[in-house]
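> Pasting a structure here, questions to come.
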Amino acid sequence: MPFPPPPNPNGSNSFFGLHSSWSSTRSPFENGVAGRFEGEVADLAIFGEIPKELNGTFYRIMVDPFYPVLEGNAPIEGDGNICAVRVKDGRADLKVRYVDTERLRLERQANKRLFGLYRNPFTHHPCVRAAVDSTANTNMVYWAGKLLALKESAQPYQVHPDTLETITYNPFNSPGLTFSAHPKVDPYTEELVVFGYEAKGLGTDDIVIYALDKQGTIKDEQWIKGPWAAFIHDCAITPNFIILVLWPYETDVEHMKKGGQHWIYNKDRPATFVVVPRHPNNLPAGWKAGESRVYHWEHAVLLHTAGSWEETAKNGDVKLFFESSRMFYNLFLAFGSPTDKPFGDMQADYVRWEIDLSQPTNTKVAEPTVILDMPGEMARIDERFLTKPYDKLFCPVIPLEQPSPIPPILPAGLRAYALLDKPSGKVDMFDPGQACTVEEPIFVPRSKNAPEGDGWMLGMIQRMDVNRSDLVVLDTKDFTKPVAIIQLPFKVKGQIHGNWVDALPEEKSMTRVLEPVEKMMGKGALQDEQANLSHI
Ligand SMILES: [Fe+2]
């Protein structure tokens, strides 16, 4: 007798025609993953061996709406849920817990959704329009003894590194209203370089830039005006400059008042870079106090940067370099026009940009150099080398010649990991299989003084075929196959970003610790057997 077909969690008849307010918010790319899980799993199943030297926690954060979001929202809307995997002595524990943001606490108190469109307070319930509407769902960064859950629309929430409990809002008492989800660590000056846009309120073109030192003290604070009120998601830093990368979207408070989206995609806007000296009290030659310079290329969306550096010629001219993904379509359909062709021609690659600071503001930059000619995104480097030239790029990619479980859209459709050695152009690939997608990786050096790129790359693999998530550990000595797979017992939501934090001196177990058995009860089937626990 044949077996019945397996259940299909996305099948149209899975819910017997019953409607739920969740129906409109189920991502077609997630294969029915349920989300809204909080809890812990001690001692995850391991295949292979986790290197004993790996000792720390991978904090990844997921967009995981606790209540169904308002229809029409982009997939970046939804409560931040932290998924932490702690690795120690070859073992791994999992803990998942929401960030208790002000908006989540308000909604759970009311037991319903109160917030409307992404960053449009005019669509929120009138009683909560003064609330911080950050979902804290974009990145996790550890700095100055504080673990931060970040969303660029507001200040950070601080969470406990072991319990993941939410401790406070705006722990550094930062200036302005906003804090980027992509602050950058300068490993040489030991500063966290931060910017915030729309920093004086909704729709403003005010940008704040500063650094936090190792104690969390604010220094080098400066304020500039952007060329327009733009979507400024990421930046790049060199020893003397910060480069803000503007996406071709605009914001308009009047549009929001009419119930429109916070962002409007404008295909006439070029990729734009705002260059600002990092140290306003020690300006580079030729820069005036308060000066920023704007450079642009053609229309493109540069979603994230990898590394960046600067070079000074003998005549004193300075060039800035940074590398980023490049795509030619509106990533967020919700922010486009209904008449736009979705995702355009899907063209995307990974490129190096050069900004010649001897050129005046409002100059077009040179054609970028393609360093990886395939769609790639969420790349990471050995971040001990941030602000300096570097050779190794860890880049999730879409091998277009192979089938994929979901359309080849960045970043949702990333399918494999590439390790690019830039001087030789050699690309090593780890392909987890055609039923898998991959997420932003993290790199952990083998030791403090290991050569660049020598160590391990960890990345979450979403196995669409068996509805499970596997965290793979790749040794860079042979990037093509994992040395360990840390198997989660279910499929977790996709992360936006995450970071590795080396074991903290004061850390305690993330999961429940059992009381030791001092003496057995002597009531088992072989109760007369001699009990000797010391030999176990
Ligand atoms: Fe990002």
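Please treat every number below as a calculation from the coordinates, not as lab data. Since the structure is predicted, the reported quantities are computational estimates derived from the model, not experimental observations. We place every Cβ from the backbone using ideal geometry, glycine too, and count neighbours over all the protein chains shown.
> I'd like to check which strands (runs of 3 or more DSSP E) are fully inside the stretch 198-248 and have at least 1 residues that are more than 20 Å from residue 289 (Cβ to Cβ) and away from the ligand (no atom under 16 Å from the Cβ).
Once the strands (runs of 3 or more DSSP E) in the stretch 198-248 are filtered for at least 1 residues that are more than 20 Å from residue 289 (Cβ to Cβ) and away from the ligand (no atom under 16 Å from the Cβ), what remains is 206-212.
> Moving on to the next point. Looking only at the stretch 353-391, count every residue that is surrounded by fewer than 17 Cβ atoms within 10 Å (Cβ to Cβ), in contact (Cβ under 8 Å) with a residue 24 or more places away in the chain and assigned to a strand (DSSP E or B) and tell me the total.
The qualifying residues number 4.
> Please verify whether residue 43 is assigned to a loop (DSSP other than H, G, I, E, B) and either closer than 23 Å to residue 511 by Cα or of a type outside the set (Lys, Arg) (or both), treating the condition exactly as stated.
Yes: the conditions hold for residue 43.
> In the stretch 148-172, which residues are surrounded by fewer than 22 Cβ atoms within 10 Å (Cβ to Cβ), assigned to a loop (DSSP other than H, G, I, E, B) and hydrophobic (A, V, I, L, M, F, W, C)?
The answer is 172, and nothing else.
> Would you confirm, using the coordinates I've provided, whether residue 339 is polar (S, T, N, Q) and surrounded by fewer than 21 Cβ atoms within 10 Å (Cβ to Cβ)?
Yes.
> Search the stretch 292-310 for residues that are farther than 18 Å from residue 397 by Cα and away from the ligand (no atom under 16 Å from the Cβ) and pair each with any residue that is part of a strand (DSSP E or B) and of a type in the set (Ser, Thr, Tyr) when their beta-carbon atoms are under 6 Å apart and the residues are at least 6 apart or on different chains.
Listed pairs, sorted by first residue: 295/363; 296/272.
> Between 274, 194, which is assigned to a strand (DSSP E or B), surrounded by 23 or more Cβ atoms within 10 Å (Cβ to Cβ) and under 21 Å from the mean Cα position of the chain (by Cα)?
Working: 274 fails: under 21 Å from the mean Cα position of the chain (by Cα).
Only one candidate passes the filter, namely 194.
> Going by the structure shown, is residue 240 closer than 27 Å to residue 121 by Cβ and polar (S, T, N, Q)?
Against the criterion (closer than 27 Å to residue 121 by Cβ and polar (S, T, N, Q)), residue 240 does not qualify.
> Sticking with this structure for a sec: Taking the condition of being within 16 Å of the ligand (Cβ to nearest atom) and either over 26 Å from residue 308 (Cβ atoms) or among the small types (Gly, Ala, Ser) (or both), how many residues in the stretch 163-191 meet it?
Residues flagged as within 16 Å of the ligand (Cβ to nearest atom) and either over 26 Å from residue 308 (Cβ atoms) or among the small types (Gly, Ala, Ser) (or both) within the stretch 163-191 amount to 2.
> Determine which member of the set 444, 472, 466, 492 is away from the ligand (no atom under 16 Å from the Cβ), aliphatic (A, V, I, L, M) and over 24 Å from residue 405 (Cα atoms). I'd like the intermediate steps shown before the answer.
Values: 472 fails: over 24 Å from residue 405 (Cα atoms); 466 fails: over 24 Å from residue 405 (Cα atoms); 492 fails: over 24 Å from residue 405 (Cα atoms).
Criteria check complete, one pass: 444.
> If you don't mind, there's one more thing I want to ask. Among the residues of the stretch 377-434, which ones are in contact with a Gly (Cβ under 7 Å, 6 or more places away or on another chain), away from the ligand (no atom under 16 Å from the Cβ) and under 24 Å from residue 331 (Cβ atoms)?
Answer for the stretch 377-434, where residues must be in contact with a Gly (Cβ under 7 Å, 6 or more places away or on another chain), away from the ligand (no atom under 16 Å from the Cβ) and under 24 Å from residue 331 (Cβ atoms): 397, 398, 404, 406, 407, 417, 418.
Matching residues to (1) surrounded by fewer than 20 Cβ atoms within 10 Å (Cβ to Cβ); (2) charged (D, E, K, R); (3) in contact with a Phe, Trp or Tyr (Cβ under 7 Å, 6 or more places away or on another chain); (4) touching a residue at least 12 places away in the same chain (Cβ under 8 Å):
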position	(1), (2), (3), (4)
205	yes, yes, yes, yes
213	yes, yes, no, yes
216	yes, no, yes, yes
227	yes, no, no, yes
231	no, no, yes, yes
238	no, no, yes, yes
245	no, no, yes, yes
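> Here is a further query. Would you check if residue 410 is of a type in the set (A, V, I, L, M) and free of Cβ contacts under 8 Å to residues at least 60 places away in the same chain?
No: the conditions fail for residue 410.
> Test each condition in (1) out of contact with any Phe, Trp or Tyr (no Cβ under 7 Å at 6 or more places or on another chain); (2) hydrophobic (A, V, I, L, M, F, W, C); (3) buried (at least 16 other Cβ atoms within 10 Å of the Cβ) for residue 416 and report the one that comes out false.
Condition not satisfied by residue 416: (1).
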